[in-house]
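Read through the structure below, which is laid out as structure tokens, and then see the notes.
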Amino acid sequence: MAAGSGTRLGHGIPKALVEVAGTTLLEHALHAALTSRVAHEVVVVLPTGDERLHAVCSKIAEKTAATVSTATGGSSRNDSVRAGLAALGPVDHVLVHDAARCLTPADVFVTVAEALVAGATAVVPGIAVADTIKSIDPAAATAPGLAAAHLVTGTPERSGLRAIQTPQGFDARALAAAHAEAAALNATEAAAITDDARLMEVAGAEVFVVPGSVDAFKITTALDLLLAEALLASRHPQPPFQEYP
Ligand SMILES: Nc1ccn([C@@H]2O[C@H](COP(=O)(O)OP(=O)(O)OP(=O)(O)O)[C@@H](O)[C@H]2O)c(=O)n1
Ligand SMILES: C[C@](O)(CO)[C@H](O)COP(=O)(O)O
């Protein structure tokens, strides 16, 4: 998924085109996906008409035996996922990945794919939560003199929480059906669906969490980009990547 605008990153270009260690986020993401060898077909969902990102996909397509094609994303991540699914050929399983999580190690793709092959309908990578998480009611009135404060409504037990990442893996037909049902959601309901696994939960499917990676963080703000640069400096091989499986 590479059709986002990268507003929070603030580079004024699609986030997938932003570079880390001289290579675009998109190429980093595709490098991991292709290195994992779990996919024979890759559909890259891009912003409307961005030739630079199409050029990245064309360059990579020449270096891999996998089929690499593109689709045009929509105004929301869910719209973009639907566009990608529509462009995919007939498959049993599908992994949906955020290009923004471009440093996700290849073995996370393998872990998700293996769980699908073992029979899971929906599988997401996740990591333990380091912070204490509290729920709030954003709509509740704040106390006088506490304008920026929100009343805490609960503290879920941290051991029962996971920070969820991508790639998220699914039975392809089940995911397509869940997305078809989601088209009937109103804007508020749709905005509450922040990952594909939630759609599957709403559709009544069992969703399993498998181990993710701290390297699979989502590049959202400038701080994340600094972290990505530091992480890449510790990795080998360094980009640019010369070949793909
Ligand atoms: N309409 C959209 C929105 C998001 N995405 C993708 O979904 C992933 C997660 O989205 P996010 O991190 O929010 O990316 P942006 O939407 O680009 O970021 P922002 O919200 O800051 O604009 C990203 O890989 C992004 O490219 C997408 O394909 N289509
Ligand atoms: C799909 C996701 O990366 C799982 O954590 C996350 O929900 C994407 O959120 P965003 O607001 O669309 O970046």
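The mean sequence distance of close C-alpha pairs (under 8 Å, at least 6 residues apart), as a share of the length of the range 1-90, puts its relative contact order at 29 percent. Positive end of the charge dipole of the chain (Lys, Arg +1 and Asp, Glu -1 on Cβ, about the Cα centre): tell me which of SER76, ALA130, GLN165 has its Cα farthest that way. Toward the positive end, the furthest listed residue is ALA130.
The angle between the Cα long axis of helix 172-182 and the main principal axis of the chain comes to about 40°, on a 0 to 90 degree scale.
Taking all Cα-Cα distances within the chain, those exceeding 30 Å account for 27%. Against the main long axis of the alpha-carbon atoms of the chain, helix 51-61 sits at an angle near 60°. Axis of helix 222-233 versus longest Cα principal axis of the chain: the two differ by about 40°, to the nearest ten degrees. Working from Cα pairs under 8 Å separated by at least six residues, relative contact order for the range 15-235 is 24 percent.
Coordinate range of the alpha-carbon atoms in the range 1-80 per principal axis, descending: 34, 30, 21 Å. Cα centroids of the range 51-77 and the range 185-215: how far apart, whole angstrom? Each part reduced to its Cα centre gives a spacing of 25 Å.
Helix-derived [θ] at 222 nm for the chain: sum -39500 (n - 2.57) over DSSP H runs of at least 4, divide by residue count, nearest 500?
Numbers: 8 runs with 81 residues, N = 245.
My calculation for the chain gives -9500 deg cm²/dmol from helical runs alone.
What's the magnitude of the charge dipole for the range 156-209 around its Cα centre, counting Lys and Arg as +1 and Asp and Glu as -1 at the beta-carbon? Answer in Debye, nearest 20. Mind showing how you got there, number by number?
Values: 4 positive and 8 negative charges, 27 e Å.
Charge dipole, the range 156-209, about its Cα centre: 120 debye, nearest 20.
Under 5 Å from the amide H of VAL42 lie the amide H atoms of THR67, VAL68, SER69, each residue being 5 or more positions distant or on a separate chain, with H modelled from the backbone and absent for Pro and chain starts. Taking 7 Å steps out from each Cα toward its Cβ at GLU201 and ALA233 produces label points 3.8 nm apart.
Over all directions, the average projected area of the alpha-carbon convex hull for the range 118-245 comes to how many nm²?
Numbers: hull surface 49.8 nm².
Here the figure is 12.4 nm², rounded to one decimal.
Report the local net charge at ILE133: Lys and Arg +1, Asp and Glu -1, summed over other residues whose C-beta lies under 10 Å from its C-beta. Could the numbers behind the result be given before it?
Numbers: positive: LYS134, ARG158; negative: ASP131, GLU157.
Its environment carries a net charge of 0.
Could you give me D for the range 106-158, from Stokes-Einstein at 4 °C and 1.567 mPa s, where the hydrodynamic radius is the Kirkwood radius over C-alpha pairs? Units µm² s⁻¹, please.
Numbers: Rh = 14.7 Å.
For the chosen part, D equals 88 µm²/s.
We did not get these values from a lab; they are worked out from the coordinates using the rules stated. Bear in mind that the values here come from a model prediction, so they are computed numbers and not experimental data. Positions of Cβ are backbone-derived with ideal geometry, glycine not excepted, and every protein chain shown enters the neighbour counts.
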